[in-house]
Each structure stands twice: as structure tokens, then as C-alpha cells.
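Read through the structure below, which is laid out as C-alpha cells, and then see the notes.
The values are calculated or read from the model by the stated rules, or taken from the named source; none is laboratory data. On a predicted model such as this, the values are computed, not experimentally measured, just so you know. Cβ: placed from backbone, ideal geometry, glycine included. Neighbour counts: every protein chain shown. Remember, those area values only see protein heavy atoms, side chains included, never the ligands or the DNA or RNA. Shrake-Rupley method; radii C 1.70, N 1.55, O 1.52, S 1.80 Å.
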Amino acid sequence: MRGLRRLISGYRACILEPYIYNGVRRHTSRRLLFVSSSVNVLSRFTSPTMVRSSYAPSGLANFVGQRRSMFIQTQSTPNPQSLMFYPGKPVMEVGSADFPNARTAMNSPLAKALYGIDGVTRVFFGSDFVTVTKSDDATWDFLKPEIFAAIMDFYSSGKPLFLDSSTAAAMDTAIHEDDSETVAMIKELLETRIRPAVQDDGGDIEYIGFNPESGIVKLKMQGACSGCPSSSVTLKSGIENMLMHYVPEVKAVEQELDDEDENGDLKSQLE
């Protein structure tokens, strides 16, 4: 996961500066504070593609109706099975949304359309991108035109991203009045330091909870980060080390797995 590795690689070497939280003087890295703003994401696009209206849902059929075009760019992720698609328009106004299976996509016309493409196994919405994960036997050469068509048709249709706006991803890192200082500090670090780096790799993290007795923080990896070969290493070497450094009450970080992920891990262990 390049974004988080880049964040962590400068974490130990750079100068520490004061970090004020709730009136308490802490120390954080100057590089951590500015790393996300110093990265020009647009310069890292690897496959800019002009998608014109000649792409129908089949990707090849002739266009019927008003002529339209959309400039969609793609970017690779550390997970070879996931690819980021930038439609050049906002996707999520607030937060993010993960669709680990077709059932969870029923309330989003765009996610449902993407799951209708043979070979798509996961869909994730970020602020200005859509991450699509494919099966091992599918090829991007076949999937890209289909995905381009689905995204273009969605934005030209005028449909809402969610049929019921209340199903949009909750702000898991929003700080509530009844949150302890420890939980509030964990949420702030996740939102301001860790999440931007993870989203730079086409995924996200969801805060599940914190057990004050065991000191364990539960997180769920989403998008390209879910199922990525390096996700477990990143979780321990990156996120866990950072949270433990700034929040002494944190003793460990564990990943919350989807049912599909748990079954996949069990299958790989049996093989």
C-alpha cells in the first residue's frame, strides 16, 4: 500500500513538532501533517482514457440518443486485482462506501450496475473515485470498457448515488459527546493522519470500536485495501505502530473481516 508506506517511511526519520489535542501538548511529525497535501494525485495517473458515448453497456454497441462524453482516468493500486476509476466528478460528498458483495449494492444504482459486469467482485466509493476489484480469472482489458460504460451511463442518467440517502456510509470517525478522550484521539488520528494515505491507494478504513480493557482497536479494511496481500503487514507495521505511539492506551490493532474474507482465509489455510 504505497500511500501508507510513504506515510510511515517518513514517520521515524522526520522532525517532531508539537501536536495539541484537547489542550494537551503532544508531538507529531511535520511530515505526517503535510504528506497528504504534498502528493499530487493527478500526476500519478497511469492510464488516462477518454471515454466517449460510443460505449454502451456492452462497451461496443452504437450510441443511440444525445451525444455525450466523459473523461475517465484510471490508476493502479497495490492490489493487482483492484483499479481506481476517476470520473472527473465528485462521487461521495461525505465519507466513503464499501460494497463487498452484490447484495450490499442493491441500494446504489452505480454499484449495482458495476456488479452486473461479469468478473467484478467488489466496489468501493471514495470522494472522487470508484475502486473496482475483479476476480482472478478476469482481465482488465475486458472489464475496462464495461466499467467505463457503466460509470458514464450512471452520470448521464441523473440518478442519485443512493436510492435512500440514509444508507450512505456513516461517519465512523465522527467524535461524539460520550466518546472518551482515548476514543476521540483514535478517531482524530484515523481521520486526519491515516485515512488520507489509505484512500490514496484506492481504499479506506472503517473504525469499528475500541476495547479499553484489552486496549485493542478494531478496524475494517475497505476497497483495494481489503484482500490486498500487504494489508495485514500495513495494519500491524503502519497503523498499529502509529496509534500505539500517539495513544498509549492502544495495545494492538485487529482487522474485522467480512464473512467472504473469513471464508477466503480459511480456504487458503486449508490449501
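Structure values in brief
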| item | result |
| --- | --- |
| Any hit, segment 140-152, residues being surrounded by fewer than 16 Cβ atoms within 10 Å (Cβ to Cβ), of a type in the set (D, E, K, R) and out of contact with any Leu (no Cβ under 7 Å at 6 or more places or on another chain) | yes |
| Checking VAL94 against (1) within 20 Å of VAL198 (Cα to Cα); (2) at pLDDT 90 or above, the condition it does not meet | (2) |
| Top-ranked residue in segment 189-219 [being of a type in the set (D, E, K, R) and open to solvent by less than 50 Å² (accessible area, probe 1.4 Å); ranked as nearest to PRO78 (Cα to Cα)] | ASP201 |
| Test: residue in segment 209-229 that is touching a Leu at 6+ places or on another chain (Cβ under 8 Å), touching a residue at least 24 places away in the same chain (Cβ under 8 Å), in a strand (DSSP E or B) and of a type in the set (Val, Ile, Thr) | yes |
| Checking SER231 against (1) open to solvent by 20 Å² or more (accessible area, probe 1.4 Å); (2) modelled with pLDDT under 80; (3) more than 22 Å from ARG103 (Cα to Cα), the condition it does not meet | (1) |
| Some residue of segment 171-188 being more than 23 Å from PRO100 (Cα to Cα), among the hydrophobic types (A, V, I, L, M, F, W, C) and buried (at least 21 other Cβ atoms within 10 Å of the Cβ) | yes |
| Segment 94-111, residues that are farther than 14 Å from ASP153 by Cβ, of a type outside the set (Gly, Ala, Ser) and touching a residue at least 24 places away in the same chain (Cβ under 8 Å) | VAL94, ASP98, PHE99, PRO100, ASN101, ASN107 |
| The one condition in (1) within 25 Å of VAL120 (Cβ to Cβ); (2) modelled with pLDDT under 90; (3) charged (D, E, K, R); (4) in a helix (DSSP H, G or I) that GLU191 fails to fulfil | (1) |
| Per-region count, segment 112-142, residues in contact (Cβ under 8 Å) with a residue 60 or more places away in the chain, not in a loop (DSSP other than H, G, I, E, B) and not basic (Lys, Arg) | 3 |
| Odd one out for ASN101 among (1) under 18 Å from LEU257 (Cβ atoms); (2) touching a strand residue (DSSP E or B) at 6+ places or on another chain (Cβ under 7 Å) | (2) |
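Residue-by-condition table, conditions (1) over 15 Å from PRO160 (Cα atoms); (2) touching an Asp or Glu at 6+ places or on another chain (Cβ under 9 Å); (3) open to solvent by 10 Å² or more (accessible area, probe 1.4 Å):
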position	(1), (2), (3)
VAL94	no, no, yes
PRO109	no, no, yes
LYS112	no, no, yes
VAL120	yes, yes, yes
VAL132	yes, no, no
